[in-house]
1. Give the stretch B:77-112 a look and list any residue that's closer than 27 Å to B:Thr58 by Cα, more than 10 Å from every other protein chain (Cβ to nearest Cβ) and assigned to a helix (DSSP H, G or I), or say none.
2. Quick one: would you say A:Ala116 is at pLDDT 95 or above and surrounded by 16 or more Cβ atoms within 10 Å (Cβ to Cβ)?
3. Take the residues in the stretch B:183-207 that are of a type in the set (D, E, K, R) and closer than 17 Å to A:Gly82 by Cα, then tell me which one is nearest to the chain's Cα centre (by Cα).
4. Of everything in the stretch A:147-173 that's charged (D, E, K, R) and assigned to a strand (DSSP E or B), which residue is surrounded by the fewest Cβ atoms within 10 Å (Cβ to Cβ)?
5. So which residues in the stretch A:68-92 are more than 18 Å from A:Glu120 (Cβ to Cβ), assigned to a helix (DSSP H, G or I), touching a Gly at 6+ places or on another chain (Cβ under 9 Å) and of a type outside the set (Gly, Ala, Ser)?
6. Please work out which one of (1) out of contact with any Phe, Trp or Tyr (no Cβ under 8 Å at 6 or more places or on another chain); (2) under 30 Å from B:Pro237 (Cα atoms); (3) crowded, with 16+ Cβ neighbours inside 10 Å; (4) at pLDDT 95 or above is the condition A:Ala132 fails and give its number.
7. Are any of the residues in the stretch A:178-185 in contact with a Pro (Cβ under 6 Å, 6 or more places away or on another chain), aliphatic (A, V, I, L, M) and modelled with pLDDT of 90 or more?
8. As an exercise: evaluate A:Asn197 against (1) in contact with a strand residue (DSSP E or B) (Cβ under 9 Å, 6 or more places away or on another chain); (2) modelled with pLDDT of 90 or more and give the number of the one condition it does not meet.
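The values are calculated or read from the model by the stated rules, or taken from the named source; none is laboratory data. Predicted model, so just to flag it, every value in this text is computed and none were measured. Cβ coordinates were reconstructed from backbone atoms using ideal geometry, including for glycine residues, and neighbour counts include every protein chain displayed.
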Amino acid sequence: MNVYTIGRKGGLAMNVVMKEKKVVNYKSCFDVIGPVMIGPSSSHTAGALAIGVVANKLLQGLPKKVVVKYYESFAETHKGHGTDFAIIAGVLGFATDDSRVPNSIKIANSQGIDIAFVEEAGDSPAGHPNTADIYLENDQRSIRVVGISVGGGLIKVKHIEIDGFSLKLEGSLPILIAISEKLNLELELGRIFKTYNVEINDSQNLKKDGKYLYAYNLESKLSNEAHQELNNLKDIANIIIL
Amino acid sequence: MEVTKASYEEIWQKMEKNLETMENAVNKSIEGDGVFSPTGLTGGDAVKIKKYREAGKTLSGDLMMLGVQNAVGTNEVNAAMGVICATPTAGASGTIPGVLFAIKDTLKLTRKDQIHFLFTTALFGMVVANNACIAGAMGGCQAEVGSASAMAAAAAVEAAGGTPEQSAHAFSTALQNLLGLVCDPVAGLVEIPCVKRNAVGTANALVAADLALADVKNLIDADEVIEAMYRVGRRMPRELRETGLGGVAATPTGIAIRNKIFGKDK
């Protein structure tokens, strides 16, 4: 795959606040007390659902085909922990406390979605016992996401494949991904980040076949105003907020 | 507020929703004959404990057994795929409500006090989660029920009017007492031994809180116990970290249950 990284210094990094610090995974009280969810496991059900939601957001529509590969603890306990229905619930875009969560596989089947679960025997490619690798496909596109469920419903996104791009990530959410054919997108994003004091922990730029992908690891959730401004870029870019 | 871009009221209301979820789960667990999981392995015990309490002959006292009842009840609802609040995890979701609803009448805690209690548990929990771990797959049950128990103990001391220092002693005592606890779910379900582990998580928290309120000190401080918990967790073999391959899951009965539910090959 023809993928390369444009150096951080040459790009946006100059315009926004970059800082050296420990990335704190659990940023909010509600990462620890919460989520409100359907049982039985926060890491294997709520966290798995969250990885499914990432896949849903990347595909931006319902899939025709779903392949889920499990590693380590996920491979051993996905049946007992309800991981299967949780991931599919996420792929369908359900919330953790949606009463349809336990019936998600039936719901997906009734919509003609083809689903396969694979238990991998080897170590996790992401180096974590709770690893799921989700592939989704429909007529418009195919995507892949490797997510880890780190506990209490919190996840990290370690690897994403979308629109021919392949990127590895530190993985803490929120993550903003923007894909466009227009190079000036970076300036637009920089302006929005500056206006709304969006703190960036890390960023990556990729270029492939005349398209640009920008990925930003954000320190905190975006304000409604920043969200709105990003939505206004829809005509020139595909903006995904994980 | 800085992180979530939410107002003070929104944050307060969100925690109140968490509290309501806990209350609903506890209430649901004692409706009729109780709730039962799809496998039938767990359920109905909260009702039994309630009846036992009502007879007035508990050995460890009514407050303690009320806590145990609420802890067991919450995890029965979790195993039955009901709605619960992860505290910090779903597998450990009974421990903190167990403590809170046991002490709220004795300490005359208002609704505001109860929400405050949950914020206190959350802040202690953030220290654990960001410096060690709260996932059984990473650190065993000590990271889940152990963390929940320590968080609840610290908040209980505060609710009872103890000092912040006493909260820290309660926290380190509770976590230290559950150090080394493995995660060994039978058939990979969140039922055996998880439901009863929450009963012990609640009881352990109440004991640790009482010790601290009696001004009994814990010489190993909270940060060091958290670090110790993390190191113990990292040295646990994967069989004992939420794979269902060790501990009680690997006993003849544990294996027989697994085979009965999922068939022999899995």
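1. Within the stretch B:77-112, B:Thr95, B:Pro97, B:Gly98, B:Val99, B:Leu100, B:Phe101, B:Ala102, B:Ile103 meet the criteria.
2. On the way: at pLDDT 95 or above: yes; surrounded by 16 or more Cβ atoms within 10 Å (Cβ to Cβ): no.
Criteria not met by A:Ala116.
3. At the first step, the residues of the stretch B:183-207 found to be of a type in the set (D, E, K, R) are B:184, B:191, B:196-197.
Next, only the ones that are closer than 17 Å to A:Gly82 by Cα stay: B:184, B:191.
On the way: B:Asp184: 16, B:Glu191: 13 Å.
Applying the filter and picking the extreme gives B:Glu191.
4. The initial filter retains those residues of the stretch A:147-173 that are charged (D, E, K, R), namely A:156, A:158, A:161, A:163, A:168, A:170.
Now narrow it down to the ones that are assigned to a strand (DSSP E or B): A:156, A:158, A:161, A:168.
Numbers: A:Lys156: 21, A:Lys158: 21, A:Glu161: 16, A:Lys168: 13.
Here the residue is A:Lys168.
5. Answer for the stretch A:68-92, where residues must be more than 18 Å from A:Glu120 (Cβ to Cβ), assigned to a helix (DSSP H, G or I), touching a Gly at 6+ places or on another chain (Cβ under 9 Å) and of a type outside the set (Gly, Ala, Ser): A:Ile88, A:Val91.
6. (1)
7. From the stretch A:178-185, those in contact with a Pro (Cβ under 6 Å, 6 or more places away or on another chain) are none; that's our starting set.
Scanning the stretch A:178-185, I find no residue that is in contact with a Pro (Cβ under 6 Å, 6 or more places away or on another chain), aliphatic (A, V, I, L, M) and modelled with pLDDT of 90 or more, so the answer is no.
8. Only one criterion is unmet by A:Asn197, namely (1).
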